[in-house]
1. With the requirement that a residue be in a helix (DSSP H, G or I), in contact (Cβ under 8 Å) with a residue 12 or more places away in the chain and either loosely packed, with under 15 Cβ neighbours inside 10 Å or among the small types (Gly, Ala, Ser) (or both), what does segment 55-80 give you?
2. What's the number of the only condition in (1) touching a residue at least 12 places away in the same chain (Cβ under 8 Å); (2) more than 18 Å from residue 155 (Cβ to Cβ) that residue 131 fails to meet?
Amino acid sequence: MRRRTVTAGNLEEILQVTAPAAAPEPAAAPPAAPAPAGREDHGLRTEFEFELPRGYVDEAGTVHRHGSMRLATARDELRPQIDLRVKENPAYLSVVLLSQVITRLGTIADVHAGIVERMYATDVAFLQDFYRRVNSEGHTRAAVTCPHCEGGFEVDLSGGRLGES
C-alpha cells in the first residue's frame, strides 16, 4: 500500500472524495407516522454547557468563562490525525480536537486552535475531562467524596463554581 502525504490545504478535497455517496431522495416521501400515545420523544442531547475554572482572557482583557461543547463525531476524532501540527507534536491533538467541538466560549462563536492554545492549562485540563465525560459516559456528572465527612455525592461539572449560585 502506498502512503500518501496530506496537508491541511487539501484536507477538505480528500474528505469530499472519500465521503460515501448520498442516496438519491425519493420524489415524494410519505409523512412520518405520529408517535404512539403514551410514548415520549427523548431527543439526544448533543450540546453541553460548561463553565471554565479560570476563563479565557481575550486580547481586550475580557474573561470568557461560559461556553458550550457539542458531541464529537468520528470525523472530529479522525481529522486531527492528518493535521500537520499534530504529526509534528502529538500533544497538539487535544488542542485541535477541542477547537473542533467547542461551539461557543463567552461571546466568541469561532473557537479555533489559537484560542485553545492561549487558554490556561487548568482550563484545558477541565475541557479534556469534560470532553471525555460527555463523549464516553454521556453526562457531565462526577462522583466525589467529601474530605471531611467522607460522604459520597455527585456534582454536575457543567454548573457554576462551588459556593456560587
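The values are calculated or read from the model by the stated rules, or taken from the named source; none is laboratory data. Since the model is a prediction, treat every value here as computed from it, not as a measurement. Using ideal geometry, Cβ is built from the backbone for each residue, glycine included, and neighbour counts are taken over all protein chains shown. Please note that ligands, DNA and RNA were not included when accessible areas were found on the heavy atoms of the full protein model with its side chains. Shrake-Rupley method; radii C 1.70, N 1.55, O 1.52, S 1.80 Å.
1. Passing the criteria: 75, 77.
2. Just one mismatch for residue 131, condition (2).
Let's see how each residue does on (1) among the hydrophobic types (A, V, I, L, M, F, W, C); (2) modelled with pLDDT under 95; (3) open to solvent by 30 Å² or more (accessible area, probe 1.4 Å):
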{"position": "90", "(1), (2), (3)": "no, yes, yes"}
{"position": "125", "(1), (2), (3)": "yes, no, yes"}
{"position": "129", "(1), (2), (3)": "no, yes, yes"}
{"position": "132", "(1), (2), (3)": "no, yes, yes"}
{"position": "144", "(1), (2), (3)": "yes, yes, yes"}
{"position": "158", "(1), (2), (3)": "no, yes, no"}
{"position": "165", "(1), (2), (3)": "no, yes, yes"}
